[in-house]
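To start, the structure under review is shown below, and the notes come after it.
The values are calculated or read from the model by the stated rules, or taken from the named source; none is laboratory data. The model shown is predicted, which means the values in this text are computed figures rather than measured ones. Cβ atoms come from the backbone with ideal geometry, glycine included; neighbour counts cover every protein chain shown. The protein model used for the area step is the full one, side chains on, heavy atoms only, and it has no ligands, DNA or RNA in it. Shrake-Rupley method; radii C 1.70, N 1.55, O 1.52, S 1.80 Å.
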Amino acid sequence: MTAAITSFWTASALGVGNAETLANLQRGCAPGMREIGGDIPGRTIFFGGIDVALPTIAEKKWNMRACRLLKLAVESLGPELGAVRARVAPDRLGIVLGASNTGIDEAQAF
């Protein structure tokens, strides 16, 4: 089996998109990092987020942060993803989404 990474896109506390992420990494700044309180009594912690409005998904059961991040990634990869889809069968195509706190906003609401 052969695997190939043909394109990638990033979104993190460093920025949204490869160019912004690289520029902030080189500057040593992470605009998505913020200090929050209330989770640990008497302490604040740093929390990383993505500073961009996420697209919504019409079907309510799929309109959660992880799916909205995936939709943003798919939309951002538009032309590259289209080129791969033109030459690769759907069952041979994959998108990897890695996240450590994707549902935190929804969880904190409870």
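Please determine whether any residue of region 39-51 is within 14 Å of the chain's Cα centre (by Cα) and of a type in the set (A, V, I, L, M). First the steps, then the outcome.
Taking region 39-51 first, the residues within 14 Å of the chain's Cα centre (by Cα) are 48-51.
Filter once more, keeping what is of a type in the set (A, V, I, L, M): 50.
Within region 39-51 (the criterion being within 14 Å of the chain's Cα centre (by Cα) and of a type in the set (A, V, I, L, M)), the answer is yes, since at least one residue qualifies.
Is it true that Ile57 is out of contact with any Leu (no Cβ under 8 Å at 6 or more places or on another chain) and over 24 Å from Leu93 (Cα atoms)? Walk me through how you get there before you give the answer.
Details: out of contact with any Leu (no Cβ under 8 Å at 6 or more places or on another chain): yes; over 24 Å from Leu93 (Cα atoms): no.
In short, no.
Would you be able to say whether some residue in region 16-27 is modelled with pLDDT of 90 or more and in a loop (DSSP other than H, G, I, E, B)?
Within region 16-27, one or more residues are modelled with pLDDT of 90 or more and in a loop (DSSP other than H, G, I, E, B).
So is Pro31 under 16 Å from the mean Cα position of the chain (by Cα) and open to solvent by 60 Å² or more (accessible area, probe 1.4 Å) or not? Quick ask: steps written out before the conclusion?
Details: under 16 Å from the mean Cα position of the chain (by Cα): yes; open to solvent by 60 Å² or more (accessible area, probe 1.4 Å): yes.
Here the answer is yes, as Pro31 does meet what is asked.
Restricting to region 5-21, name every residue that is within 15 Å of the chain's Cα centre (by Cα) and aliphatic (A, V, I, L, M).
Matches in region 5-21: Ala11, Ala13, Leu14, Val16, Ala19.
Please specify each residue of region 50-102 satisfying the condition of being in contact with an Asp or Glu (Cβ under 8 Å, 6 or more places away or on another chain) and either under 22 Å from Thr21 (Cβ atoms) or at pLDDT 90 or above (or both). Write out each step before concluding.
Going residue by residue through region 50-102, those that are in contact with an Asp or Glu (Cβ under 8 Å, 6 or more places away or on another chain) are 55, 64-65.
Across region 50-102, the qualifying residues are Pro55, Arg65.
Might you let me know whether region 41-51 holds any residue that is in contact with a helix residue (DSSP H, G or I) (Cβ under 9 Å, 6 or more places away or on another chain) and under 18 Å from Ile95 (Cβ atoms)?
yes
So, in region 28-63, exactly how many residues are closer than 22 Å to Val74 by Cα and assigned to a strand (DSSP E or B)? Write out each step before concluding.
From region 28-63, those closer than 22 Å to Val74 by Cα are 32, 48-63; that's our starting set.
Applying the additional criterion that residues be assigned to a strand (DSSP E or B) yields 48.
Going through region 28-63 one residue at a time, the tally reaches 1.
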